[in-house]
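Contents: one structure, followed by commentary.
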Amino acid sequence: MRLRVAPGGPAALKVLAAAGAAAAPVRLVWGDPSERPLASPSAPWLPALELDSGTVLFSPNAICQFFFLARGEEPTDLTNQWLEWEATELQKGLEALEPLGQLLEHIEQDLSSRGTAYLAGDTQSVADVVVWGALFPVLQDETGLPSELPALRTWFQNMTLSEACRKAAGSVLMPEALLEFKSYLQKHPPPCLATGRATSNAPEAQPGAGTGHRGAGGHGHADPHWDQPSPQGDGPERALSEEEIAAAVAAWARGAAALPGPWKPQQPVLPVHGRRNVLITSALPYVNNVPHLGNIIGCVLSADTFARYCRLRNWNTLYVCGTDEYGTATETKAMEEGLTPQEICDKYNAIHADIYRWFDISFDYFGRTTTPHQTRIAQDIFQRLLARGFLLQDTVEQLRCEGCQRFLADRFVEGTCPFCNYEEARGDQCDKCGKLINAVELKNPQCKLCGGVPVVKTTQHLFLDLPKLQERLEPWLEQSLATGDWTANARYITRSWIRDGLKPRCITRDLKWGTPVPLDGFQDKVFYVWFDAPIGYLSITANYTEQWERWWKNPQQVELYNFMAKDNVPFHSVIFPCSLLGADDNYTLVNHLIATEYLNYEDGKFSKSRGVGVFGDMAKDTGIPADIWRFYLLSVRPEGQDSAFSWGDLMLKNNSELLNNLGNFINRAGMFVCKFFGGVVPDMVLTPDDERLLARVTLELRQYHQLLERVRIRDALRCILSISRHGNQYIQVNEPWKRIKGDEKDRQRAGTVTGVAVNVASALAVMLQPYMPSVSVAIQGQLRIPPERFILSRDFTCTLPAGHRVGTVSPLFQKLENDQVEALRKRFGGGQPEDLAVKPQAKQTHPAPAALVAPGDPQLIQELTEKVAEQGNYVRQLKANKAEKAEVDTEVAKLLELKKQLLQAEGKSPEVPVPKGKRKK
Amino acid sequence: MAAAARPGVEELALLEKLLGLPRGNKYGVQGERKVPVLQTNNGPGLTGLMTIAAHLVKQAKKDQLLGSTAEEKAVVQQWLEYRVTQVDGGSSKEDTTTILKNLNIHLEDKVYLAGNTFTLADILMYYGLHHIMVDLTVQEKEKYLNVSRWFSHIQHYPGVRQHLSNVIFIKNRLYTNAH
């Protein structure tokens, strides 16, 4: 299908964005309205989508709708309503040059009352693209929107930064088109937000309808001058303006003088008056487990990349983290391993610290929650909450094991699920049906410690009075959401918590391993981890410096960023702020809450118990360097939606992006200096061609800053790759290896190209530092970039002037081979999810490597396992081919016999539960 | 033109009847243009003629009226939009002429707006054009021949016209040199 769009036409924006968002395979034609598609009506309809059937769609909204339909996304009442509203109300407002106030207000009200991240739900739909496409030409960026419209601002910003919209905007705003676009803008007053008329009190007040009627050529592109043909009909890349090029050349010429001076914070890092003081935390990993790649990208690696970027910007930055050590899970783990809780914590804290060191995480301090500071600070906050009347006491029913003389925490009870009758349901949740369970509702409860039958007893607990704190929370939250960078999921989750109403939350637990509750009658209780753990940020900082309060009781000077996966959002956005607001001690509260979605492993979930997935401690055994892991994880960082780790993708990204693109460019640039110019950067005489490259690099660099300032870590990485792509093209076109053999003029040209290229490589080295610190250091060494010029600037300048001597240049990356990656995939599981997921009993036939603790002969077990798998496959195949029943039965019997042997070899009970499906007539 | 007090709502009542839905939906109107609003028990309700009409079709389980392929669905959507933006938006004689001209070109090689199947687009376009067609002269009807053929066909479609007046078309051409 062919999509014809008019350069500069505002309607082009939405159709291009929709094509991108729905990944529609369209051929783009920059339209000349004089060649009107035959079947369309007489008006100069553009954009137009010409389908293979001959049908032509001329309504921009219908075109957008088609792209989403073709991908299987059916319209809903809500998307229909937005499309209709856009076509009838919004377009009319835009055409009539009315103040947009009421229209914007309408979007704001709808978004905030619905509490969703997008117009028609929690995922992006055709409605978002259509409304964004109409608004972007007038607003350009969200800075034009007042802070009274926070939900609209966030939504608009999210849309503008999404890949499809960004690309669409880039390609529509070509210079020729830009002129048209400017004339369109000049006709439009800036979005006048003080509404022209009195706002109606009706809650659903629609924006007032304009009086002017629409011309026949409506659909938002009636003006003929929007449909000017573009003389340059190719490439979606945004072209550069003269001003941009001139500015880039001027910045280049200033050289190292254009760089900000180097700055190092004093140790320990403390807030400095007059500087931007950034405090970064990543969610505290729970101590009893080895983190998997999803945990690493969700918290510590994301925060690390941002912290490194902040330091490069000379912002005074402190990044703290540590292990969360108290709680039931630690006690359970200690019992499992026959150690004391303290020993377990010491052991796993070291494992965590090792893993993060290997991943090159640049904590200023990595601590733990089991410290005297934790006790002191947590008890202080508790006392302040108590004194201010924010704690309630209540009686709860709880299971108590008389044998063990203790109340049983949820994880210490097992029983039959009250919903699905699964016999091994845990005290808090059933693994089979997934429903949350109240431990006292379990049928036939059993104490996991002694196997005894617990009884229901009443006990006293303390509750944080969240409903009472809500009136303090809401004004703060509104302010923080309006001024901070909160990811869409964080906003959504927080809003839905507030909307559902806050209830008092229990902050005490019947455990020993925790911070003691300093109150009479509660001596045998400790704080519940969710109350205790976030206080860890404070106590860990206190272990770093005794002046910790300068960070944590200083909201005037400090900006706080919290990094986490989305399951942690309510604790950081609602509950912990409530504790701190209630304690009333001028605490620093979160300004920017950065939450990721989930990272899946291949096609399923990471699972420690099934041994599926790569865990932090195994990453280094793969032989793949930490920086490659960092690069790959950051490039699939689940920003905005879940993403998946895949071995094939890792190999592809390494070989295509790192080796062939980035590595190739940096290596070639350096090699040319060594081979052709004796290791000395040659003189550079810039031609317009070179100047365009400078402007192009500058543009990407600006984008990189813009994205990272908003913690769009994955998106900013693309800017780096796109600079090296431009660099490669530049070298390819100018062929310095040929020109070096030519006459004087050719040799000078070769020198200029080599010099510019090696400077681009030098800029890339700095930009890469947050992502791949060791590679960055390696480039710095190879090119001998002096430290005072290894500075991240907003401008691209000449940091390696003529005469600079580079060092020895060698390849930065290695190819990953198919065999190697296949072997890793096999080793780390995944790939046979159907066996594991569909037939739970098949679990026993695939002993997970991590869980292999059987007493039998490992080789025999291995052999039998393979046989069982083989026979299982054979049986499935027979069934799939509808083989004779007798034959199937014989083979099933063989399979059951094999399974029995395997279980015996593993030393387990040979009673194989007969799978239902196999005996059914 | 004698504008009804709540044209959108009346049109939706016609559609409900045509779809065989029990009466019982409550409607309101909003703003100067009297945009229909379908009140629901939960939430803020649905606003807009197209949106509500599509909702009713789904409620009546006659989804085929919204088109069956992605392409057809988009085409239906396009003509519904044309109906609410152009036909409802235009009021001058000039606007009317443009609309009829455009439709006449589009219907040159089609039985229905979306090609060969009768859809919601035909129904709403028929309701929206009725007041225009009633006032056309015999000469104009012949000038927009394809529109007339289509309109005549739709008004005889079972259950569509209801109490609306029957627009008369003359089958033999009177102004043979008009084109």
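The values are calculated or read from the model by the stated rules, or taken from the named source; none is laboratory data. Since this is a predicted model, take the numbers as computed values, not measurements. Note that we place each Cβ from the backbone using ideal geometry, even for glycine, and neighbour counts take in every protein chain shown.
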statement: Scanning the stretch A:434-483 for residues that are touching a Phe, Trp or Tyr at 6+ places or on another chain (Cβ under 7 Å) and part of a helix (DSSP H, G or I) gives A:Lys468, A:Leu469
- request: From (1) in contact (Cβ under 8 Å) with a residue 12 or more places away in the chain; (2) surrounded by fewer than 19 Cβ atoms within 10 Å (Cβ to Cβ); (3) not aliphatic (A, V, I, L, M), pick out the condition that doesn't hold for A:Ser539.
  value: (2)
message: I'd like to verify a number: residues in the stretch A:650-687 that are without any contact (Cβ under 8 Å) to a residue 60 or more places away in the chain and in a helix (DSSP H, G or I), how many?
response: 5
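Give me a count of the residues in the stretch A:59-72 that are within 7 Å of chain B (Cβ to nearest Cβ) and surrounded by 22 or more Cβ atoms within 10 Å (Cβ to Cβ). Show your work before the answer.
Of the stretch A:59-72, the ones within 7 Å of chain B (Cβ to nearest Cβ) are A:59, A:61-62, A:65-66, A:69-70.
Of the ones still in play, those that are also surrounded by 22 or more Cβ atoms within 10 Å (Cβ to Cβ) are A:59, A:61-62, A:65-66, A:69.
Here the count works out to 6.
Scanning the stretch A:517-553 for residues that are part of a helix (DSSP H, G or I) and out of contact with any helix residue (DSSP H, G or I) (no Cβ under 6 Å at 6 or more places or on another chain), which turns out farthest from A:Asn586 (Cα to Cα)?
Here the answer is A:Val529.
Over 27 Å from B:Tyr112 (Cα atoms) and buried (at least 16 other Cβ atoms within 10 Å of the Cβ): does that describe B:Tyr27?
Criteria met by B:Tyr27.
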Breaking point among (1) surrounded by fewer than 21 Cβ atoms within 10 Å (Cβ to Cβ); (2) modelled with pLDDT of 90 or more; (3) within 26 Å of the chain's Cα centre (by Cα), for A:Leu633: (1)
message: Quick check on the stretch B:83-100: of everything there that is more than 7 Å from chain A (Cβ to nearest Cβ) and within 22 Å of B:Tyr112 (Cα to Cα), which residue is surrounded by the fewest Cβ atoms within 10 Å (Cβ to Cβ)?
response: B:Thr97
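Condition check ((1) part of a helix (DSSP H, G or I); (2) more than 20 Å from A:Leu662 (Cα to Cα); (3) within 23 Å of the chain's Cα centre (by Cα); (4) not β-branched (Val, Ile, Thr)) across all residues:
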{"residue": "A:Asp690", "(1), (2), (3), (4)": "yes, no, no, yes"}
{"residue": "A:Ser724", "(1), (2), (3), (4)": "yes, no, no, yes"}
{"residue": "A:Val733", "(1), (2), (3), (4)": "yes, no, no, no"}
{"residue": "A:Gly742", "(1), (2), (3), (4)": "no, yes, no, yes"}
{"residue": "A:Arg749", "(1), (2), (3), (4)": "yes, yes, no, yes"}
{"residue": "A:Thr754", "(1), (2), (3), (4)": "yes, no, no, no"}
{"residue": "A:Pro770", "(1), (2), (3), (4)": "no, no, yes, yes"}
task: Can you tell me which residue within the stretch A:49-58, out of those that are aliphatic (A, V, I, L, M) and surrounded by fewer than 24 Cβ atoms within 10 Å (Cβ to Cβ), is farthest from the other protein chains (Cβ to nearest Cβ)?
output: A:Val56
field: Positions within the stretch B:101-116 being out of contact with any helix residue (DSSP H, G or I) (no Cβ under 7 Å at 6 or more places or on another chain) and more than 9 Å from chain A (Cβ to nearest Cβ), in sequence order
entry: B:Lys110, B:Val111, B:Asn116
- request: Would you mention how many residues in the stretch A:341-389 are free of Cβ contacts under 8 Å to residues at least 60 places away in the same chain, more than 25 Å from A:Ile280 (Cβ to Cβ) and surrounded by 14 or more Cβ atoms within 10 Å (Cβ to Cβ)?
  value: 3
task: Output the number of the condition that A:Gln703 fails; it satisfies all remaining conditions of (1) more than 25 Å from A:Val685 (Cα to Cα); (2) in contact (Cβ under 8 Å) with a residue 24 or more places away in the chain.
output: (2)
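A quick yes/no check of all residues on (1) touching a His at 6+ places or on another chain (Cβ under 9 Å); (2) free of Cβ contacts under 8 Å to residues at least 12 places away in the same chain:
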site	(1), (2)
A:Leu721	no, no
A:Arg725	no, no
A:Ile731	no, no
A:Lys741	no, yes
A:Arg747	no, yes
A:Thr752	no, no
A:Val758	yes, no
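At least 2 residues that are free of Cβ contacts under 8 Å to residues at least 40 places away in the same chain and not assigned by TED's automatic domain parsing to the domain that holds B:Val134 in each: list the helices (runs of 4 or more DSSP H) lying fully within the stretch B:1-118 that qualify.
B:7-19, B:49-59
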